[in-house]
Each structure stands twice: as structure tokens, then as C-alpha cells.
């Protein structure tokens, strides 16, 4: 092992990773609600069995009427209700899977954006540590938008020194990009 290099500046400690538990807790809560609806813990209008009072009212009205229609089969009614509940559960499961897919896509996009922002911070740190006379020609090789993104992360003194060392056309193009971004984001 070699001794640590004392001339190199200390790097910043890494940012803590973002906690993903709230997303999974919300997903778990949605699944619990769906499961509760399936086992009839939470009544769903149109899918729950009629109450005893409604059944009693139906029975008394059936006694007073002449038996014109044959009585419905209770087993068939249960199978029909079960079929309806299974269809509802399948629909809910499809909706949950779609939402989970969207949430995963958003999480992936956020991770990529965080990675891009961290890369830009690191690159701007490298250019900020360079002498302005060496950083200016290197930044001029980038397109104006990329150079503006890097310069935006530098201190004003560092950016001014790099602009002073740049060719006027390059500095002008990058400055226009900085101003364009400032007016489009409403930070001005």
C-alpha cells in the first residue's frame, strides 16, 4: 500500500442514497386495500351480499306473491358473485401493475437525472480546479449548451476567469446559452 497523496484535495463525502421505503409502503397499502376488498372486509357496492334485512324483505314479498318464477339457485348466485369479484380483482391487479410499472419508470428516470447532475458537478469541479488559460480552450470544444451547464456550476470568480481567457466568439455563445436558460426557467 502507498501513503495517501497529501497534495490532492479531499473529496466531498458521497451523498446518502435516497430512501425507497415510502414508495414500497404506498404499494403495500394499495395491495392491502385490494386484498381487503376481495375478502369482503371492505364492502363494495354491487358486489357484496345483500344484508339480512333486505333478504327478509324479499322473503316476505315472495310469500305474498304467487310463485310465478322459480326460486333462484343460491349456489348459482354465489358463483355469479364470485365471478364478479374475480373480474374486479383482475381489473384492480392490472391497474396496480400499470401503476407499479409507471412508478418504476419514474424512479429509473430520476436515478438517471441524479447521475447526470452528479457527473456535471464532478466535471465542473475539474474545470474549476484548472488554470483558466487551460480550461477555456477545452470548454470551447464543447457545444454552447454543455459548456454553459459546466460553467453554471462554477463560482462567479472561476467563470469570470475562464471567460476572460476564452476567444470572444466562444465566450459570447456560452454567455447567450446561460442567459437563454436563465430566462426560460424564470430564475431571472
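None of the figures in this text is laboratory data; all of them are computed from the coordinates on show. Not measured: the values here are computed from a predicted model. As a convention, Cβ positions derive from the backbone with ideal geometry for all residues, glycine included, and neighbour counts pool all protein chains shown.
What the Cβ-Cβ distance of residue 167 and residue 122 gives, at R0 = 22 Å and to the nearest 0.05, is a FRET efficiency of 0.25.
Scoring 167-175, 146-154, 81-89, 107-115 by mean Cβ neighbours within 10 Å over their residues and listing the highest first yields 146-154, 167-175, 81-89, 107-115.
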